[in-house]
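Each remark here refers to the structure printed beneath this line.
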Amino acid sequence: MNALHLPSSEFRALAGRMTSIAADFLAGLEEMRAFPQVTAQQVTRAFSAPLPDEGLRGTALEALPEVLAMSRPPSPRFYGYVLGSGEPVAALADLLASILNQNVTAWRSAPAAVTLERQLVHSLAGALGCEGFSGSLCGGGSMANLMGLAMAREARLPGNERGAQGGVVYATDEVHMSIPKAVALLGLGRANLHLLGTDVNFRMSAQRLHAAVAADRRAGHTPLAVVASAGTVSTGSIDPLADIAAVCREQGLWLHVDGAYGALAALAVPELFAGLAAADSLSLDPHKWLYQPLDCGMLLFRDAGAARTAFSFSGDYARSLSADPLERFAFFDESLELSRRFRALKLWLSLRYHGLAAFRAAIRADLQHAQQLAAVVAGTAPLELLAPVTLSAVCFRHRHDGLPADADRLNAAILQRVIARGRVYLSNATVRGRFALRACFVNHRTTDADVAGIVPEVLAAARDVRV
Ligand SMILES: Cc1ncc(COP(=O)(O)O)c(C=O)c1O
């Protein structure tokens, strides 16, 4: 018997213990602090035991409660960054996906998983109004943005054979950090990322884009692609996609839409996303606004041929012998990834279990929660809103009569104090150079009462730091 063999009775017993640990954790979520009361030293010490040479068998699981206790829980009162809440049906599917251990790279290595992922991607694209788009799941929005821009580069200024030729990519100064990273990794050079200032609503101006493209051409540069944001990471603003698409069409530029934060909200409020279907490529993040456990990103594209041009390069050992177009299909021809986990199972099961209407309702509740918070902030004299609330991100801060740097320092201290108090978790943003407290609602557990607790917590933290 192999030393790693696990009898099925033992698996069943372990799985039972595991699910009851998970169920107890979920049942206790509401009462938990939004951030654990631990120091880095305590956590380091807790996990410093050397790995055992002799297996601990079932007692190995006894360390799990400590892992849970020292983790930031997916609390109803977590509003940091853009981080989905981890829908539990999807989490259960993740367990099964790991048991199945499919390599979702080609039909022949994972017939059900590949077919299911392809159909899921088509269905979601259709539900977003992007009929006919195809694509694949990936690790997250950063990966999707990198792949979208790789497609752009290969479609407009091919570099796969002889190296990158340069070319200018346009976005606003509100664009997510994964875009400069992708531009650098693709050999285009961050100096060739032309960041445009935004209008009063933190959106790209199509006129300004048009002028920048013309000026760059006059200066001898080669415009390549535009990255429009469908939900900027700081304020959730949505660039005017239809107008930008018109400029791209006229100028022959690739349009990549970074919808990692916001575009899935088009399921519930499509009117905010007019022009989304004009994208050549579109990044989405079901692990943000479809509440999926990490990781679950998605890249959609209009032309699968462009994806193959960018990514298809396979060794002989990976050649398919089938003549059937479905059986020959390989995700590795259309994506950067080769070995791929069965991410589609969780998303598919979670969508089937709850139904699309429930997800739409959850997204609407998040949008409503953002408006609720914005209204309270606007009506609370010591606080001020720093940006309009388009989606579910609310940027605000405590007023301060002193120098701008003092206001920033005060709000940074308030944020640290809010987190230390442990009742709510906020993060920060820089809005027009000013330090902002930021709450982002992509959390299916949050209630109206939870949202009502945010401003009192901020005011209490402000009192704490001022004494
Ligand atoms: C607008 C936007 N794009 C891209 C990303 C990157 O996504 P991920 O963290 O899944 O790589 C984020 C993450 O917050 C985002 O808000």
*Report the GluC sites (Glu not before Pro) located in the range 133-236 that are in a DSSP loop and have at most 13 other Cβ atoms inside 10 Å of their Cβ, or state none.*
Glu161
*Please give the length that would be gained between Ala184 and Arg108 if that part of the chain were fully extended, namely 0.36 nm times their separation in residues minus their C-alpha to C-alpha distance (nm, one decimal).*
23.9 nm
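When the helix-only estimate is applied to the chain (DSSP H runs of n ≥ 4, each -39,500 (n - 2.57), divided by the residue count), what is the mean residue ellipticity at 222 nm, nearest 500 deg cm²/dmol? Could you put the intermediate results ahead of the total?
Details: 17 runs with 199 residues, N = 467.
It lands at -13000 deg cm²/dmol.
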*Which of the peptides 90-100, 429-439 is most tightly packed, and how do the rest follow, going by the mean number of other Cβ atoms within 10 Å of each residue?*
429-439, 90-100
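Taking 0.36 nm per residue of separation and subtracting the Cα-Cα distance, what length does fully extending Asp464 through Ile21 add?
Numbers: separation 443, 0.36 × 443 = 159.48 nm, distance 3.62 nm.
Answer, rounded to one decimal: 155.9 nm.
Val200 to Asp295: extension gain in nm, 0.36 nm per residue of separation minus the Cα-Cα distance?
Values: separation 95, 0.36 × 95 = 34.20 nm, distance 3.40 nm.
Residue separation times 0.36 nm, minus the Cα-Cα distance, leaves 30.8 nm.
So if I place +1 on the C-beta of Lys and Arg and -1 on the C-beta of Asp and Glu, and nothing else carries charge, what would the dipole magnitude of the chain be about its Cα centre? I want it in debye, nearest 20. Don't jump to the answer; show the numbers that get you there.
Working: 43 positive and 42 negative charges, 104 e Å.
Dipole about the Cα centre, nearest 20: 500 debye.
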*Report, in whole Å, the centroid distance computed from the Cα atoms of the range 244-269 and the range 449-467.*
37 Å
*Thr430 to Leu321: FRET efficiency via 1/(1 + (r/R0)^6), r the Cβ-Cβ distance, R0 56 Å, to the nearest 0.05?*
0.55
*asked:* Take Tyr353 and Leu338, extend 7 Å from each Cα along the Cα→Cβ direction, and tell me the distance between the two endpoints in nm.
replied: 3.4 nm
*Accessible area in the full protein assembly, largest first, 1.4 Å probe, for Ser136, Ser314*: Ser314, Ser136
*Listed residue (Ala34, Leu347, Leu120) projecting farthest to the positive dipole end of the chain, Cβ model*: Ala34
_For the chain, give me the percentage of DSSP beta bridges that are antiparallel, rounded to the nearest 5 percent._
60 percent
*Taking the range 298-383 and dividing mean pair separation by its residue count, relative contact order in percent (alpha carbons under 8 Å, at least six apart)*: 21 percent
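Could the peptides 66-75, 249-258 be put in order, highest first, of the mean number of other beta-carbon atoms found within 10 Å of their residues?
249-258, 66-75
Report relative contact order for the chain in percent, whole number only (criteria: Cα-Cα under 8 Å, sequence separation at least 6).
On the way: 854 pairs, mean separation 98.0, N = 467.
Normalised by residue count, the contact order of the chain is 21 percent.
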*Rounded to the nearest 0.05, what FRET efficiency do Ala449 and Ala60 have when you use their Cβ-Cβ distance and R0 = 45 Å?*
0.70
*Place a +1 charge on the Cβ of each Lys and Arg in the range 264-380 and a -1 charge on the Cβ of each Asp and Glu, then give the dipole magnitude about the Cα centre in debye, rounded to the nearest 20.*
360 debye
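Please give the FRET efficiency for Ala219 paired with Met1, using the beta carbon to beta carbon distance and R0 = 60 Å, rounded to the nearest 0.05.
Details: r = 71 Å, r/R0 = 1.19.
Efficiency at R0 = 60 Å is approximately 0.25.
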*Relative contact order of the range 1-97, defined on C-alpha pairs under 8 angstrom at six or more residues apart (%)*: 38 percent
_Euclidean distance of C-alpha centroids, the range 345-368 and the range 11-75, integer Å_ = 28 Å
*Where in the range 95-127 does the amide nitrogen come within less than 15 Å of the point 7 Å from the Cα of Ser314, taken along Cα to Cβ?*
103-111, 114-115
*Could you sort 368-375, 188-195, 14-21 so that the peptide with the highest average Cβ count within 10 Å comes first and the rest follow in order?*
368-375, 188-195, 14-21
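The values are calculated or read from the model by the stated rules, or taken from the named source; none is laboratory data. Because the structure is a prediction, the values reported are computed rather than measured. Note that each Cβ is placed from the backbone with ideal geometry, even for glycine, and that neighbours are counted across all protein chains shown. With ligands, DNA and RNA removed, areas are computed over all heavy atoms of the protein, side chains included. Shrake-Rupley method; radii C 1.70, N 1.55, O 1.52, S 1.80 Å.
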